[in-house]
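*Asks:* Supplied in structure tokens, the structure appears directly below.
The values are calculated or read from the model by the stated rules, or taken from the named source; none is laboratory data. Because the structure is a prediction, the values reported are computed rather than measured. Note that we place each Cβ from the backbone using ideal geometry, even for glycine, and neighbour counts take in every protein chain shown. Calculation scope for accessible area: heavy atoms of the full protein, side chains included, ligands and nucleic acids excluded. Shrake-Rupley method; radii C 1.70, N 1.55, O 1.52, S 1.80 Å.
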Amino acid sequence: MDKYELCCVGHITLDKVVTPKSVVHMPGGTSFYVSHAIRHLHENSYSLVTAIAASERAVVDDLQEKGVHVTMLPSASSVYFENIYGENRNYRTQRVLAKADPFTVEQLSHVEARIFHLGALLSDDFSPEVVKYLASKSLVSIDSQGYLREVHDTHVHATNWKAKTELLPYVHFLKANEHEMEVLTGYADVPSAAKQLGAWGVKEVLITLGSMGSVLYDGVSFYRIPAWQPRQIVDATGCGDTYMAGYLYQRAKGADMETAGRFAAALSTLKIERSGPAQATNEDVACCMRTCEQRLPEL
């Protein structure tokens, strides 16, 4: 059985992205954006586990043709998201028009990786049993956004993560933006929110602040990560997923937190400059960090 450095588990979605300038239909979801970002970084020790309806098989076929190892699980339907952006690309309105089947321990029992990144799109994608099982054999990474999404009549509403104090001790990496951190912790300032997440058991806390940069916390020290300014703003969908792809890619390679955060932020900048997933190489990221203006977040 192959053991990968990094495995992303999550649904590939059908996305409708609405901006003031366009309406675009495309595949999406954490697993889609992470997989495409990683493949351009020439990382061979990566695997994707996803669950989609048979009608979307072509998306998986395309990833496999491009060299991504994919385990496709059956699902009665695929997740269908509608993302609506206004002039401020840091905010969006979402609707969920269809849901996919959740992942189970049995489905993941034969998958081996050093880091599992759980790309939850909705709060019931991964049961507590799945998180605990994966944590028993690997490091677990979670993007909190999916756990804070509750669907009422297709509309996505922010909600608290009911099992957070039970599950966060099993989570090594946790990402939240400034709104998600406040919902999770009750704190609106980054240091207090990060410390609370650390107190609940998270080993590496990643707080993303959009165009303001990001802040990392390891239980002892804070690391302020700049945001590099894009040359043009085209599409912010998948930016957070791209950040996690860059961060986990670097951490799996042995980079320290600050180096990984800076790489992740620059990779996200390059993603914003185009529609669809990131297609940046390591060389592109290095060029961005050398040439683009940067903004350092306040603490």
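*Asks:* For the chain, what does the relative contact order come out to in percent, with C-alpha contacts under 8 Å and a separation of six or more?
*Replies:* Taking the mean separation of contacting Cα pairs over the length of the chain, I get 16 percent.
*Asks:* Sticking with this structure for a sec: What is the local net charge at Thr208, summed over the other residues whose Cβ is closer than 12 Å to its Cβ (Lys, Arg +1; Asp, Glu -1)?
*Replies:* Here the count lands on -3.
*Asks:* Cut-off 10 angstrom, C-alpha nodes, Gaussian network model of the chain. Which of Gly254, Gly210, Gly219 fluctuates the most?
*Replies:* Of Gly254, Gly210, Gly219, the Gaussian network model singles out Gly254 as fluctuating most.
*Asks:* Under the rule of -39500 (n - 2.57) per DSSP H run of 4 or more residues, summed and divided by the residues of the chain, what mean residue ellipticity at 222 nm is obtained, to the nearest 500 deg cm²/dmol?
*Replies:* -9000 deg cm²/dmol
*Asks:* Length gain on complete extension for the stretch His157 to Gln279, per 0.36 nm per residue less the alpha carbon to alpha carbon distance?
*Replies:* Full extension from His157 to Gln279 adds 40.8 nm.
*Asks:* For the chain, what % of the accessible area comes from carbon and sulfur atoms, probe 1.4 Å?
*Replies:* 50 percent
*Asks:* Please compute the length gained on full extension between Asp189 and Asp61, using 0.36 nm multiplied by the number of residues separating them and subtracting their Cα-Cα distance.
*Replies:* So the extension gain works out to 41.7 nm.
*Asks:* Express in nm, to one decimal, how much length is gained between Arg295 and Val18 on full extension, taking 0.36 nm for each residue of separation and deducting their alpha carbon distance.
*Replies:* Contour length minus the Cα-Cα distance gives 97.0 nm.
*Asks:* While we're looking at this one, here's another question. How much accessible area per residue does the chain have, in Å², with a 1.4 Å probe?
*Replies:* 42 Å²
*Asks:* With θ taken as phi - 60° and the coefficients 6.51, -1.76 and 1.60, list the Karplus ³J(HN,Hα) couplings across the range 100-117 in order, rounded to whole Hz; mark glycine and proline as x.
*Replies:* Whole-Hz 3J(HN,Hα) from phi for the range 100-117: 9, 6, x, 7, 10, 4, 4, 5, 9, 5, 9, 9, 10, 7, 6, 10, 9, 9.
*Asks:* Taking the alpha-carbon distance from Lys162 and a cut-off under 18 Å, which aspartates and glutamates remain once sequence neighbours fewer than 8 residues away in the same chain are dropped?
*Replies:* Partners within reach: Asp124, Asp125, Glu129, Asp143, Glu150, Glu180, Glu182.
*Asks:* Would you look at the GNM of the chain, springs on alpha carbons closer than 10 Å, and say which of Val79, Val131, Val23 moves the most?
*Replies:* Val23
*Asks:* Something else about it: In square angstrom, rounded to the nearest 10, how much accessible surface does Leu14 have for a 1.4 Å probe?
*Replies:* It works out to around 60 Å².
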